[in-house]
2 protein chains.
Amino acid sequence: MHPHDPEVTAAITALDLFAGLPASALDEVTARARVRTLGRGARMFDQGEPVERAHVLLSGAIRIAQAGSDGGQVVLRFIGPGEIFGSVAIFTDHLYPADGIAMVGSTEASWARADWLDLIERYPRIALNLITIVGRRLAELQDRVREMATQRAERRIANTLLRLARQAGRATGAGTEIGFPLRRKDIADISGTTLFTVSRTLNDWRRQGLIADDRRALTLVSMAGIGRIALG
Amino acid sequence: MHPHDPEVTAAITALDLFAGLPASALDEVTARARVRTLGRGARMFDQGEPVERAHVLLSGAIRIAQAGSDGGQVVLRFIGPGEIFGSVAIFTDHLYPADGIAMVGSTEASWARADWLDLIERYPRIALNLITIVGRRLAELQDRVREMATQRAERRIANTLLRLARQAGRATGAGTEIGFPLRRKDIADISGTTLFTVSRTLNDWRRQGLIADDRRALTLVSMAGIGRIALG
């Protein structure tokens, strides 16, 4: 795909990141974008590499996974369409803090570091939008820290599913389908618990009619029921 | 204290938040600041209140503690001199995400929400500085999430102390003193572990000569030794 495809232009101009920009600025933003599509399992970037570009996902899904120097690994976030990823370190230590891996075939737009800084300098609205986006992620991560410190695994899993539904949920006849191709291992990694506990918990919830899942997607059949578990 | 006191002016103009601003902008920033001093235990703001002001700590220390709807509570951060606090929600949901409590007598500068937005609009450099600050906190919180998901308590405590030393350490004859008046309960809360475990661990480390602590301060006598424990 090319940045001048009408579909790509529409997707870029609809991003939260560029909300409030005048049409002339959006034209410039779009003209400087590089668009690329990667297959399932491909790496958008590797942890520890210098950040050369700012990224936004146009379609698909990305797993952001961080390894410690001790080999311990955690999923920091799943990125859905319309979200920035790997773009904050341009302002901090200039190194990607995690791996970004395509969970399905995915299309991103990205901007070279110098172009990105130039655009933000000239359109400070982008900086304000970025503070809002990063501030929301900080608040979400604060919630996760609190849950990990104070809640049992079952409640953490419920809170994780509710957060994913807010981030990437779509209403279907059966309930709210989470728009990420999640393996149970993914849910365990982002809830800070084990695959065993996630499997047992989701099996229970499925038997109780709270969720439905198949290889393709996980659906919250009863948001109220999951919400009650999240509250403890 | 008054914003026009030379000491306050010097503290405000030295803040990372205002790095790179011309002198005329700094004058304006200082003129619009409100400065107040609160005693130990006083609340700078309460979780859930509307955010009316942006805050920077000039001296002292603040505990940022968040409670969940279930009553579970966690310390999100200790704020030291020169750091912003409670200022990000102006850009997100406009509610303080946590309580801010003075750990000792503390002096803050703050700006009314409208003044703050106006200053950022006119001096976009502040927005860029803010992205850097919030981006670093996001990276720190990502480290904490990874540690909580993958590390035993002893290593988490070591990583916590190293992070606090980077944030607020000062070299003394005895080693690196952490510039927060930390109770052991504080260290437990921010490491996501129990008071019992923190007490046992710090007692061990003191006997091994890795740390020294009294009611006033905690000193890392051997950063290398604590660093080895942090690496596992």
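Quick note: the coordinates plus some simple rules give every number you see, no bench work behind them. These numbers were taken from a predicted model, which means no experiment stands behind them. Cβ: placed from backbone, ideal geometry, glycine included. Neighbour counts: every protein chain shown.
Summary table below
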quantity	calculated
Two-site FRET efficiency, B:Phe196 against A:Arg122, from Cβ-Cβ distance with R₀ of 56 Å, rounded to 0.05	0.50
Between helix B:153-168 and chain B: long-axis angle, C-alpha atoms, 0 to 90°, nearest 10	40
Dipole magnitude (debye, nearest 20) for the stretch A:152-231, charges at Cβ of Lys, Arg, Asp, Glu	100
Distance from the stretch B:183-206 to the stretch A:109-140 (C-alpha centre basis), Å	38
Sparsely packed trypsin sites (Lys or Arg not before Pro) within the stretch B:167-232, loop by DSSP, other Cβ within 10 Å at most 11	B:Arg215, B:Arg216
Degrees, to the nearest 10: B:113-122 long Cα axis against longest axis of chain B	80
Model label zone, A:Arg113; criterion: amide N under 19 Å from point 7 Å along Cα-to-beta-carbon; scope the stretch A:69-93	A:85-93
Most mobile of B:Ser69, B:Ser191, B:Ser59 in a GNM of chain B (Cα contacts under 10 Å)	B:Ser69
Computed FRET value (nearest 0.05) for A:Ala174 with B:Leu95, which takes r as the C-beta separation and R₀ as 35 Å	0.55
Crossing angle, helix A:124-150 versus chain A [Cα axis fit, 0-90 degrees, rounded to tens]	20
Cα-derived Rg over Rh, computed across the stretch A:152-231 with Rh taken as Kirkwood radius	0.91
Size of charge dipole - the protein assembly as shown - debye, nearest 20, with Cβ of Lys, Arg +1 and Asp, Glu -1, no other charges	1680
Computed [θ] at 222 nm, deg cm²/dmol, chain B (DSSP H ≥ 4; -39,500 (n - 2.57); rounded to nearest 500)	-13500 deg cm²/dmol
Where the Cα pairs of chain A fall when distances are cut into 10 Å bins, in %	7, 30, 34, 21, 7, 0
The protein assembly as shown - Rg over Rh from alpha carbon coordinates, Kirkwood radius	0.97
Karplus 3J(HN,Hα) series, Hz, for the stretch B:52-60 with 6.51 cos²θ - 1.76 cosθ + 1.60 (x for Gly, Pro)	9, 9, 9, 10, 9, 8, 8, 8, x
